[in-house]
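The values are calculated or read from the model by the stated rules, or taken from the named source; none is laboratory data. Owing to the predicted nature of the structure, the values given are computational and were not obtained by experimental measurement. Cβ sites come from the backbone with ideal geometry, for glycine too, and all protein chains shown count toward neighbours. Remember, those area values only see protein heavy atoms, side chains included, never the ligands or the DNA or RNA. Shrake-Rupley method; radii C 1.70, N 1.55, O 1.52, S 1.80 Å.
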Amino acid sequence: MRELNQIRDAVVSALHAAGLCTLASYPDQRAKRYAGPVAAVAVDTAESRTVGFCNYLGEVSDPKTGRVRERYGKQLDAVISVEVRGERAADCEAGCETAAEVLLGGLPSGIRPGELSWEALSWERGTESFLRRGRLQCRAYFLAQTEDESAMFLDFILKGAVTT
């Protein structure tokens with residue numbers, strides 16, 4: 001599902017921009033390559049909600065061309081998991097502090113944070129590092145609109161995310 005990847009990638013980018021080494025998944029074989037804390041991000045669960053009437057939000061006018069386009073929306077209630085690892089407990093805790101700040105106040109406007117919870121710090125034998133798992137309940141909003149005058153519409157894009 002493209003929307004799940006957009007949520008995960010937006011969180012990865014936000015954590016990376018805050019200075020935390022962040023991956024979409026944590027590779028065991030590279031565990032010892034990171035001197036500081038490293039976070040692995042995934043979308044654990046997601047549930048789609050209907051927005052508007054069958055996702056129809058109405059019409060918008062393009063300010064440049066004056067053309068009217070139909071706009072559609074999609075809403076997902078999701079749980080984002082973040083695993084922070086570090087060689088030292090202090091590194092892991094510092095990574096968790098950075099992650100918490102970003103997750104609660106530094107995500108794109110299309111991701112509205114809810115409850116953030118963290119498990120206790122533990123030692124992970126397989127990676128020989130300290131580990132702390134967190135889960136953020138959130139709501140993500142996506143927008144799509146018709147292309148020109150055809151009935152075809154573009155992909156749903158996470159609201160507030162920078163696209164290239």
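Among the residues of the stretch 118-164, which ones are outside any loop (DSSP other than H, G, I, E, B) and modelled with pLDDT under 85?
Of everything in the stretch 118-164, those that are outside any loop (DSSP other than H, G, I, E, B) and modelled with pLDDT under 85 turn out to be 143, 144, 145, 146, 153, 157, 158.
What's the total number of residues in the stretch 95-107 that are in contact with a Leu (Cβ under 8 Å, 6 or more places away or on another chain) and open to solvent by 10 Å² or more (accessible area, probe 1.4 Å)?
4
Limited to the stretch 2-24, what total is found for residues that are among the hydrophobic types (A, V, I, L, M, F, W, C) and within 13 Å of residue 78 (Cα to Cα)? Outline the logic, then answer.
Filtering the stretch 2-24 down to residues among the hydrophobic types (A, V, I, L, M, F, W, C) leaves 4, 7, 10-12, 14-15, 17-18, 20-21, 23-24.
Of the ones still in play, those that are also within 13 Å of residue 78 (Cα to Cα) are 4, 7, 11.
Within the stretch 2-24, residues that are among the hydrophobic types (A, V, I, L, M, F, W, C) and within 13 Å of residue 78 (Cα to Cα) number 3.
Hey, can you tell me all the residues within the stretch 123-147 that are over 30 Å from residue 47 (Cα atoms) and in contact (Cβ under 8 Å) with a residue 60 or more places away in the chain?
Correct list: 126, 127, 128, 129.
Quick check on my filter: what residues within the stretch 55-72 are open to solvent by 50 Å² or more (accessible area, probe 1.4 Å), under 18 Å from residue 157 (Cβ atoms) and either among the aliphatic types (A, V, I, L, M) or in contact with a helix residue (DSSP H, G or I) (Cβ under 7 Å, 6 or more places away or on another chain) (or both)?
Hit for the stretch 55-72 is 57, nothing else.
Here is a yes/no grid of residues against (1) part of a helix (DSSP H, G or I); (2) under 24 Å from residue 6 (Cα atoms); (3) at pLDDT 95 or above:
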| residue | (1), (2), (3) |
| --- | --- |
| 29 | yes, no, no |
| 57 | no, yes, no |
| 66 | no, no, no |
| 79 | no, yes, yes |
| 93 | yes, no, yes |
| 97 | yes, yes, yes |
| 101 | yes, yes, yes |
| 116 | no, yes, yes |
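For the stretch 108-122, which positions are free of Cβ contacts under 8 Å to residues at least 24 places away in the same chain and either more than 16 Å from residue 15 (Cα to Cα) or open to solvent by 60 Å² or more (accessible area, probe 1.4 Å) (or both)?
115, 117, 118, 119, 120, 122
Would you please name the residue that is farthest from residue 15 (Cα to Cα), looking only at residues in the stretch 75-94 that are under 23 Å from the mean Cα position of the chain (by Cα) and open to solvent by 40 Å² or more (accessible area, probe 1.4 Å)?
Our first condition is that a residue be under 23 Å from the mean Cα position of the chain (by Cα); within the stretch 75-94, this holds for 75-86, 91-94.
From what is left, the residues that are open to solvent by 40 Å² or more (accessible area, probe 1.4 Å) are 83, 93-94.
Values: 83: 12, 93: 15, 94: 13 Å.
Residue satisfying both the conditions and the ranking: 93.
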